[in-house]
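For reference, the structure is listed below as structure tokens.
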Amino acid sequence: MNPSNPYQSLQHKTSLLVIAMLAYGILMAQKPTEVKPVELIPHPQDSVIDVYIDGRPFTSYRYTQKLEKPVLYPIVSAHGKSITRGFPLEPRPGERIDHPHHVGLWFNYGDVNGLDFWNNSSAIASDQLIHYGKIFHDAYQIVEDQEGPALKVQCTWKDHAGQALLKESTIFRFKKDRDAYVIDRLTTLEALQEVSFEDNKEGVLGMRVARELEMPSNKPDLFTDAQGNVTAIKVLDNSNVTGDYLSSEGLKGDAVWGTRGRWVRLAGTMEGMPVSIAIIDHPDNVGYPTYWHARGYGLFAANPLGQAIFSEGKEALHFKLSKGESTTFKYRIVIQDNREMTPQQIEQFVIDFTN
């Protein structure tokens, strides 16, 4: 290189800069990407917000208007076990295909001013839709505070004609606590007109679990919804079906249905690995401690509003909101795999949640 030639000198400096940038690029490519404890990634074109914990898929908030309510689906444990049923969104071999309104994890109710929000699905005949309500997603916001990222959503509960009954404001928090995954759902319902929630067995926080977490059953059964529609539950192969319920009151299996409890745990195995799901009620909720609408075929639900049904008429709530009034429902869902969640561990999650 001729040092007296400024053009040649500039070329040399430029070459050195390019080499330095390439070396930096290679270095950065080799540097591990920082993994966030919780990350929420929106995909507005698909009406989906994906949730990641420690860089691994956990769940997705789905708000497409093709569904009759927003849902969390699928829900995946720390070791990759999909604990929610695939049907009707992504059917899997060997699972039940009943109750198409049971999608992932959801929140609604079977009698709101006489309208059934719970059982509404694509299976309802068009001439019957007048009896059903639908929850419309309006907006979302991802916020960050000292507890980490949170998903805030706004929804409206409407009748078939589009008249609004309730404004819903929900906060979702997702986290890893010890080695369990946790969902906290805080939902406030504000009445846009006078609204009654007549006692009904269909409500309010529901989850439909994977086939492996159902309870083994050797007989078919029939279930009727509030509109009189009958669903037949068929006997399927019980291989690898290992689920069982346990309530905070010490009740097990089918005995949990229609009883009160501060929490209920569903435990089983998936591909040889222990998996537990606990749903925890909150003392601030109306009807606490909640009744449990927990079925052996995989419906796992907490219903504080159906007291007359579950008590066989000994109690009745007839919960109502006047226009402008509101109420808040708080629930914690804990997913544990690799080991069974003990009652003592659940009680610690209760303390953390209620405090």
- request: Determine the pairs where a residue that is more than 19 Å from Ile83 (Cα to Cα), located within the stretch 49-68, has a partner that is charged (D, E, K, R) with Cβ atoms under 7 Å apart, the partner being 6 or more residues away or on another chain.
  value: Glu68/Lys134
query: Among (1) open to solvent by less than 50 Å² (accessible area, probe 1.4 Å); (2) farther than 26 Å from Leu213 by Cβ, which single condition is Ile53 missing?
result: (2)
Residue tally, condition in contact (Cβ under 8 Å) with a residue 24 or more places away in the chain, surrounded by fewer than 20 Cβ atoms within 10 Å (Cβ to Cβ) and not in a loop (DSSP other than H, G, I, E, B), over the stretch 95-131: 4
message: Which residue is farthest from Asp116 (Cα to Cα), if the candidates are limited to the stretch 175-185 and must be open to solvent by 10 Å² or more (accessible area, probe 1.4 Å) and touching a strand residue (DSSP E or B) at 6+ places or on another chain (Cβ under 6 Å)?
response: Lys176
- request: Confirm whether Thr156 is in contact (Cβ under 8 Å) with a residue 40 or more places away in the chain, open to solvent by less than 40 Å² (accessible area, probe 1.4 Å), of a type in the set (Val, Ile, Thr) and on the phi < 0 side of the Ramachandran plot.
  value: no
query: open to solvent by less than 60 Å² (accessible area, probe 1.4 Å), over 23 Å from Tyr73 (Cα atoms) and modelled with pLDDT of 95 or more - does that describe any residue in the stretch 217-230?
result: no
message: Regarding the stretch 250-265, can at least one residue be identified that is of a type outside the set (Phe, Trp, Tyr) and touching a Lys or Arg at 6+ places or on another chain (Cβ under 7 Å)?
response: no
- prompt: What residue, among those in the stretch 132-146 that are surrounded by 16 or more Cβ atoms within 10 Å (Cβ to Cβ) and not β-branched (Val, Ile, Thr), is farthest from the chain's Cα centre (by Cα)?
  reply: Tyr132
message: Residues to consider are Leu151, Leu166; find the one that is in a strand (DSSP E or B), open to solvent by less than 30 Å² (accessible area, probe 1.4 Å), farther than 24 Å from Val209 by Cα and out of contact with any Gly (no Cβ under 7 Å at 6 or more places or on another chain).
response: Leu166
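Rundown of residues vs (1) under 27 Å from Val112 (Cβ atoms); (2) in contact with a Pro (Cβ under 9 Å, 6 or more places away or on another chain); (3) in a loop (DSSP other than H, G, I, E, B), yes/no style:
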| position | (1), (2), (3) |
| --- | --- |
| Arg208 | yes, no, no |
| Asn218 | no, no, yes |
| Leu222 | yes, no, no |
| Val235 | no, yes, yes |
| Asn238 | no, yes, yes |
Hits in the stretch 281-339 - residues which are within 23 Å of Lys252 (Cα to Cα) and polar (S, T, N, Q): Thr290, Asn303, Gln307, Ser311, Gln336, Asn338
statement: Within the stretch 282-341, residues over 24 Å from Lys81 (Cα atoms), in contact (Cβ under 8 Å) with a residue 60 or more places away in the chain and among the small types (Gly, Ala, Ser) come out as Gly306, Ala308, Ala316, Ser322, Gly324, Ser326
field: Filter pass, Asp199 being among the charged types (D, E, K, R), outside any loop (DSSP other than H, G, I, E, B) and open to solvent by less than 60 Å² (accessible area, probe 1.4 Å)
entry: no
message: Quick test of your reading of the structure: Leu189 fulfils all but one of (1) in contact with an Asp or Glu (Cβ under 9 Å, 6 or more places away or on another chain); (2) under 30 Å from Gly55 (Cβ atoms). Name the failing condition by number.
response: (2)
message: Condition (residue is open to solvent by 50 Å² or more (accessible area, probe 1.4 Å), over 22 Å from Val209 (Cβ atoms), charged (D, E, K, R) and part of a strand (DSSP E or B)) applied to the stretch 320-327: is it met by at least one residue?
response: yes
- request: Within the stretch 245-286, count every residue that is within 19 Å of Ile75 (Cα to Cα) and open to solvent by 50 Å² or more (accessible area, probe 1.4 Å).
  value: 3
- line: Picking from Pro343, Pro289, the residue that is open to solvent by 20 Å² or more (accessible area, probe 1.4 Å), on the phi < 0 side of the Ramachandran plot, modelled with pLDDT of 95 or more and touching a Lys or Arg at 6+ places or on another chain (Cβ under 7 Å) would be Pro289
query: Which is in contact with a helix residue (DSSP H, G or I) (Cβ under 8 Å, 6 or more places away or on another chain) and either open to solvent by less than 60 Å² (accessible area, probe 1.4 Å) or modelled with pLDDT of 95 or more (or both), of Thr64, Thr59?
result: Thr64
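The values are calculated or read from the model by the stated rules, or taken from the named source; none is laboratory data. Quick caveat, the model's predicted, so the values are computed rather than measured. So basically every Cβ, Gly included, is an ideal-geometry build from the backbone, and we count neighbours across all protein chains shown. Side chains included, ligands, DNA and RNA excluded: accessible areas come from the protein's heavy atoms. Shrake-Rupley method; radii C 1.70, N 1.55, O 1.52, S 1.80 Å.
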